[in-house]
1. Modelled with pLDDT under 75, out of contact with any His (no Cβ under 8 Å at 6 or more places or on another chain) and assigned to a helix (DSSP H, G or I): which single residue out of K294, K304, K250 fits that description?
2. Restricting attention to segment 127-154, report how many residues are surrounded by fewer than 17 Cβ atoms within 10 Å (Cβ to Cβ) and either touching a Ser or Thr at 6+ places or on another chain (Cβ under 7 Å) or under 25 Å from A198 (Cβ atoms) (or both).
3. Restricting attention to segment 113-144, and to residues there that are aliphatic (A, V, I, L, M) and under 23 Å from the mean Cα position of the chain (by Cα), which single residue is farthest from H221 (Cα to Cα)?
4. Look at segment 111-121 and say how many of its residues are open to solvent by less than 50 Å² (accessible area, probe 1.4 Å) and assigned to a helix (DSSP H, G or I).
5. Checking L27 against (1) out of contact with any Phe, Trp or Tyr (no Cβ under 7 Å at 6 or more places or on another chain); (2) more than 22 Å from S153 (Cβ to Cβ); (3) touching a residue at least 40 places away in the same chain (Cβ under 8 Å), which test does it fail?
6. Of everything in segment 204-236, what is within 29 Å of G93 (Cβ to Cβ), part of a loop (DSSP other than H, G, I, E, B) and either of a type in the set (S, T, N, Q) or touching a residue at least 60 places away in the same chain (Cβ under 8 Å) (or both)? Give them in sequence order.
7. In segment 256-272, is there at least one residue being open to solvent by 100 Å² or more (accessible area, probe 1.4 Å), more than 22 Å from the chain's Cα centre (by Cα) and either at negative phi or modelled with pLDDT under 75 (or both)?
8. Counting only residues that are aliphatic (A, V, I, L, M) and farther than 17 Å from K23 by Cβ, which one in segment 119-136 is modelled with the highest pLDDT?
Amino acid sequence: MEDMEIKEENESVIDEKPVDINKIGSLKSLGPFIAAHENSQNTVYLSDVPAICKEQPCMLGVDEAGRGPVLGPMVYGISYCPLESKSVLVELGCADSKQLTEEKRDIIFNDLNTLEYANSCIGWAVEIISPNVISSSMYRRTKCSLNEISMDSAMGLIQHAIDAGVNIAEVYVDTVGPPEKYQEKLLKRFPNFKITVAKKADSTYPIVSAASICAKVTRDHALKVWQFPEGLLIKDNAFGSGYPGDPVTKRFLTEHIDLVFGFPRLVRFSWSTAENALADKAFEMEFDEPDSEKPKYAGTKLTKFFKGTTKTGEVKREECRFFKQCHLDNVTDF
């Protein structure tokens with residue numbers, strides 16, 4: 001009897017396969033994948049492309065999660081499937097992701113990756129845009145707005161799908177800014193696709209809902225497994241939703257200010273909420289800039305060759321050093 005119990009225990013250990021941190025095949029593997037990547041840089045993940053998506057014309061949806069929060073990454077997501085497979089999205093429960101609970105989104109994401117009827121015809125991809133990248137892009141000398149970051153990410157993910165062999169026919173995008181300008185920019189980049197950019201597209205087009213769910217679930221888990229290089233030990237969700245109006249988030253910002261270096265990497269420094277908090281508490285810093293010096297140039301200035309004419313019109317120019325060294329003279333009469 002005891003031998004049987006030991007055997008069953010060993011079998012259960014064997015059945016528990018190690019998680020591959022380089023592949024997302026279920027909800028369980030999402031967190032380890034994110035945790036294995038440096039959170040100061042952007043991370044892109046593409047699922048395996050179903051064979052049918054390379055053969056049949058597909059629709060592709062684009063949406064984001066975490067655009068407004070002062071904490072954490074912004075995640076862009078795409079999802080694609082054959083035009084004739086729309087019913088699979090409905091069967092999965094893809095609807096307006098804002099109307100779904102976090103638990104329901106997790107279930108749909110897991111089903112999308114584990115159920116054969118879904119993963120055999122639906123593919124997806126996400127880009128996790130680091131808060132560090134967002135802040136540095138908006139603060140650099142040639143500023144890059146959040147809209148530009150968003151559009152670049154969306155177009156980059158579409159290009160990744162094209163490069164992976166997805167046969168894209170139609171693209172549906174939840175708008176960033178005025179729909180007309182966004183659609184014009186996308187059509188210029190991808191002239192062969194039928195492109196629709198609309199407000200609240202995730203509640204209108206199931207393929208956009210699927211992209212939104214992938215983006216939101218990825219962001220939620222990115223926050224859960226966030227690693228603080230600053231050495232902070234933060235309990236689960238101790239920083240709240242990340243939105244500026246959340247009192248838990250406000251408290252986190254207030255309690256975790258370094259008077260010299262500002263906030264942890266989790267915070268988007270470029271948000272006015274963060275800037276105001278720093279202005280009230282952090283030390284003012286001044287950086288000495290080196291005095292501007294005229295560039296030193298050892299050679300002859302070009303203007304020197306235009307000098308040497310006297311008032312009477314006589315030209316008096318210093319003889320070239322080359323001619324002096326070689327003992328050469330100008331000859332005018334032969």
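1. Values: K294 fails: assigned to a helix (DSSP H, G or I); K250 fails: modelled with pLDDT under 75.
Exactly one residue qualifies, and that residue is K304.
2. Residues of segment 127-154 that are surrounded by fewer than 17 Cβ atoms within 10 Å (Cβ to Cβ), as a first pass: 136, 139-145, 147-148, 152.
After this cut, where a residue has to be either touching a Ser or Thr at 6+ places or on another chain (Cβ under 7 Å) or under 25 Å from A198 (Cβ atoms) (or both) as well, the list is 139, 144-145, 147-148, 152.
Count: 6.
3. Filtering segment 113-144 for residues aliphatic (A, V, I, L, M) gives 115, 118, 122, 125-126, 128-129, 133-134, 138.
Among the residues that remain, those that are also under 23 Å from the mean Cα position of the chain (by Cα) are: 122, 125-126, 128-129, 133-134, 138.
On the way: I122: 21, A125: 15, V126: 13, I128: 11, I129: 14, V133: 19, I134: 19, M138: 25 Å.
Across segment 113-144, the extreme among qualifying residues is M138.
4. Here is the first cut: in segment 111-121, the residues open to solvent by less than 50 Å² (accessible area, probe 1.4 Å) are 111-113, 118, 121.
If we keep only those that are assigned to a helix (DSSP H, G or I) as well, we get 111-113, 118.
So the answer is 4.
5. (1)
6. The answer is T204, Y205, V225, W226.
7. Pass one, segment 256-272, residues open to solvent by 100 Å² or more (accessible area, probe 1.4 Å): 261.
Next, only the ones that are more than 22 Å from the chain's Cα centre (by Cα) stay: 261.
Remaining after also requiring either at negative phi or modelled with pLDDT under 75 (or both): 261.
Yes, segment 256-272 contains at least one residue that is open to solvent by 100 Å² or more (accessible area, probe 1.4 Å), more than 22 Å from the chain's Cα centre (by Cα) and either at negative phi or modelled with pLDDT under 75 (or both).
8. Taking segment 119-136 and keeping what is aliphatic (A, V, I, L, M), we get 122, 125-126, 128-129, 133-134.
Of the ones still in play, those that are also farther than 17 Å from K23 by Cβ are 129, 133-134.
Numbers: I129: 97, V133: 93, I134: 93.
Top of the filtered list is I129.
The values are calculated or read from the model by the stated rules, or taken from the named source; none is laboratory data. What you are looking at is a predicted structure, and each value in this text was computed from that prediction instead of being measured. Counting neighbours? That spans all protein chains shown, and the Cβs are built from the backbone with ideal geometry, glycine included. These accessible areas exclude ligands, DNA and RNA; they are computed on the full protein's heavy atoms, side chains included. Shrake-Rupley method; radii C 1.70, N 1.55, O 1.52, S 1.80 Å.
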